[in-house]
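Contents: one structure, followed by commentary.
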Amino acid sequence: MTLYKDREKAKSYFYYYGWTILVFIAGFFLIFFFIFQARFAVKRTQRVDLFIAAHGLKDYEYSNKIQKQFKSQGLIEFNVYAYLEDDPNVFNYFSANGEKADFVVFSEANLNDLKEYLPNNYVPLSDIAKVVDKVNNFETYKYEETSYGIKLFDKDDDTYNNKYKFKDLIEFTKEGTDKENYYLLIDKESPNFDDTNKHTLGYSVLSYFLDDMTL
């Protein structure tokens, strides 16, 4: 009889307080999860992101090369997000993976559509050149006399293109479409280009990338 009453009491207890107990348990695991994430998640200064809107990526192993090159400097991830620029969802992909990427590759047509946003979102190359002076060796995309994009591909000048290996990394042309100029831009909010520390990861990766891509 006592056992029966205890069962009924237990059922009643869990009926009234069961959700509270479940919420408490879920909260405990969420706290544990966030502590784990904070402790072991890759910090933003340990990751470099490159967003590309072109006609494809040719070398899928290049990110591994960058990671190995800068592992000793704390680089844990070099992420490449490559999308077809004529994909109707490309700007949705950009919103998800490109708006905060350290580096962005866009065609001139796309930059013309976005040019009014360049001063607020991307670093003038004159600022970058103070640290990585080889930036001055490249043609650039300008808006209101300020350069924002490093030219990676020239639609009309194979002599320019053959000076570099960018075309071995990225597919800049597609049969049936007009050729475009392509440029590399640097995000203004990237913590890897901190003006207070000229030796941050972004400058090192950019300098290596431009050297590695020059024949």
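Structure data summary
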| read-out | value |
| --- | --- |
| So LEU111, is it in a helix (DSSP H, G or I), touching a Gly at 6+ places or on another chain (Cβ under 8 Å) and closer than 20 Å to LYS142 by Cβ | yes |
| Output for the range 72-113, where each listed residue is more than 18 Å from the chain's Cα centre (by Cα) and either more than 22 Å from PHE153 (Cα to Cα) or of a type in the set (A, V, I, L, M, F, W, C) (or both) | SER72, GLN73, PRO88, ALA109 |
| Filtered residues of the range 148-175 (kept if of a type in the set (Val, Ile, Thr) and open to solvent by less than 10 Å² (accessible area, probe 1.4 Å)) | ILE150, ILE170 |
| Candidate set from the range 59-71 (those that are among the hydroxyl-bearing types (Ser, Thr, Tyr) and under 21 Å from LEU201 (Cα atoms)); member that is nearest to the chain's Cα centre (by Cα) | SER63 |
| Within the range 59-108, tally of residues that are under 28 Å from LYS142 (Cα atoms) and in contact with a Ser or Thr (Cβ under 9 Å, 6 or more places away or on another chain) | 9 |
| Any chance PHE106 is aromatic (Phe, Trp, Tyr), touching a residue at least 60 places away in the same chain (Cβ under 8 Å), under 15 Å from LEU184 (Cα atoms) and not in a loop (DSSP other than H, G, I, E, B) | yes |
| The one condition in (1) touching an Asp or Glu at 6+ places or on another chain (Cβ under 8 Å); (2) within 24 Å of LEU201 (Cβ to Cβ) that TYR148 fails to fulfil | (1) |
| Test: residue in the range 112-123 that is surrounded by fewer than 17 Cβ atoms within 10 Å (Cβ to Cβ), in contact with a helix residue (DSSP H, G or I) (Cβ under 9 Å, 6 or more places away or on another chain), farther than 29 Å from THR45 by Cα and modelled with pLDDT of 95 or more | no |
| Pair list, Cβ under 7 Å, 6 or more apart: the range 44-62 residue closer than 20 Å to ILE186 by Cα, other residue in a helix (DSSP H, G or I) and open to solvent by 30 Å² or more (accessible area, probe 1.4 Å) | ARG44/PRO191; THR45/PRO191; PHE51/ASN97 |
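The values are calculated or read from the model by the stated rules, or taken from the named source; none is laboratory data. On a predicted model such as this, the values are computed, not experimentally measured, just so you know. Note: ideal-geometry Cβ built from the backbone for every residue, glycine included; neighbour counts use all protein chains shown. The accessibility values were calculated without ligands, DNA or RNA, using every heavy atom of the protein model including side chains. Shrake-Rupley method; radii C 1.70, N 1.55, O 1.52, S 1.80 Å.
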